[in-house]
Structure formats: structure tokens, C-alpha cells
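To keep things clear, I will list the structure first and then write my remarks on it.
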Amino acid sequence: MKINFHWNNEKAIDEVDLISHPHNKEQLLKLKASLEQEKTLLVTHPSNNRKQLIPISQIEAITSLGHLTKVLTIENEFFFLNNRLKELNYLEDNGLYQINQSTLINLKEIKLFQTEKHARLELITKTNQHYLVSRHYAKTIKERLLCTNN
């Protein structure tokens with residue numbers, strides 16, 4: 001199957017048109033379903049050690065605990081993930097960004113932010129958790145927050 005791309009500035013940024021022969025309908029419907037499927041993360045429940053899939057959109061923050069990480073959800077539940085923080089940089093595609101050496105945060109869950117001393121940022125989430133962004137990440141995080149709020 002040959003794929004052609006056409007770019008049009010007049011299209012809405014969250015809209016994609018696919019034009020195809022009716023013979024390809026089944027394949028394109030499968031593609032649509034896989035693109036719309038919510039991404040999940042396999043975590044371990046701390047009380048019973050069972051594995052559980054949680055939607056990435058439900059994650060508020062991920063903090064480093066050495067060789068594993070603690071995942072905090074927007075319902076204030078926490079789970080463990082058997083990965084180091086630096087192995088999770090692929091989560092940027094889902095809105096989770098590193099804010100210091102030990103924390104990734106979901107920028108969609110930020111309620112407000114303010115500048116602190118020494119070029120740092122303080123982030124306050126919708127669940128009223130406070131996080132400090134180190135000066136190394138502050139510029140990038142501030143830019144992303146300003147872009148998502150427009």
C-alpha cells in the first residue's frame with residue numbers, strides 16, 4: 001500500500017483526513033482504533049503485589065525510588081513501576097515531562113505555577129500537590145505550560 005502525505009495549514013490542528021479506496025476500509029478502521037486507544041502503563045499495586053494497567057492520562061506524577069519508581073495517580077493512589085526514571089522518557093509523548101532529577105509530572109494536571117527563587121518554578125496540581133522544577137528544566141516546562149494553556 002502506498003501512503004501519500006499532504007500538508008494543509010487550513011486544517012484544524014487536531015484533525016487528519018484519510019482518503020482511500022473502499023477496499024482498504026477494514027485496515028484503516030483498525031488503524032483508527034489503535035490510534036484512539038488510550039495508552040496504559042503496567043504497574044504493581046503496593047498492597048498485594050499484583051500487576052495492573054493504568055491509563056497514562058490518570059497519572060499525576062512519577063518519582064524515582066532508585067531502581068524503581070512510584071506512580072501517583074490523580075485519585076491519590078500510588079503504585080510501583082519496575083523502571084528507572086531515565087527509562088521513562090518515552091512518556092513525553094503522553095504529556096509527562098521531567099521537572100527535576102527525581103520527578104516526571106503530567107502537565108495536563110497542573111492547576112497553576114509560579115516562579116520561585118534561583119530560577120525555579122513551583123507547580124501546583126489539581127490535587128493541590130506541590131512540586132519544584134529545577135532551574136535546568138524550568139524554561140522548557142514553563143514554555144510547555146504556556147503552550148498548553150493557549
Could you tell me which of the residues Tyr131, Tyr97, Tyr90 is under 14 Å from Leu41 (Cβ atoms), hydroxyl-bearing (Ser, Thr, Tyr) and at pLDDT 90 or above? Tyr90
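Got at least one residue in segment 27-50 being within 22 Å of Leu123 (Cβ to Cβ), in contact with a helix residue (DSSP H, G or I) (Cβ under 9 Å, 6 or more places away or on another chain) and at pLDDT 95 or above? Lay out the reasoning, then the answer.
Taking segment 27-50 as the starting set, the residues that turn out to be within 22 Å of Leu123 (Cβ to Cβ) are 41.
Now narrow it down to the ones that are in contact with a helix residue (DSSP H, G or I) (Cβ under 9 Å, 6 or more places away or on another chain): 41.
Now restrict to residues that are at pLDDT 95 or above: none.
Taking every residue of segment 27-50 in turn, none turns out to be within 22 Å of Leu123 (Cβ to Cβ), in contact with a helix residue (DSSP H, G or I) (Cβ under 9 Å, 6 or more places away or on another chain) and at pLDDT 95 or above.
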Among all residue pairs at least 6 apart or on different chains, which show Cβ distances below 8 Å where the first residue, located in segment 130-145, is closer than 13 Å to Thr103 by Cα and the second is surrounded by fewer than 14 Cβ atoms within 10 Å (Cβ to Cβ) and of a type in the set (S, T, N, Q)? Ser134/Gln101
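Of the residues Asn76, Asn24, Asn9, Asn4, which single one is outside any strand (DSSP E or B), over 16 Å from the mean Cα position of the chain (by Cα) and under 17 Å from Thr127 (Cα atoms)?
Values: Asn24 fails: under 17 Å from Thr127 (Cα atoms); Asn9 fails: under 17 Å from Thr127 (Cα atoms); Asn4 fails: under 17 Å from Thr127 (Cα atoms).
Answer to the selection: Asn76.
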Of residues in segment 39-73 being among the charged types (D, E, K, R) and not in a strand (DSSP E or B), the one farthest from Leu107 (Cα to Cα): Arg50
Can you pull out the residues in segment 83-140 that are surrounded by fewer than 18 Cβ atoms within 10 Å (Cβ to Cβ), more than 16 Å from the chain's Cα centre (by Cα) and part of a strand (DSSP E or B)? Leu112, Gln114, Thr115, Glu122, Ile124, His130, Leu132
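The values are calculated or read from the model by the stated rules, or taken from the named source; none is laboratory data. This one's a predicted model, so the numbers in the text were calculated from it and none came from an experiment. Positions of Cβ are generated from backbone atoms using ideal geometry, with glycine treated the same way; all protein chains shown enter the neighbour counts.
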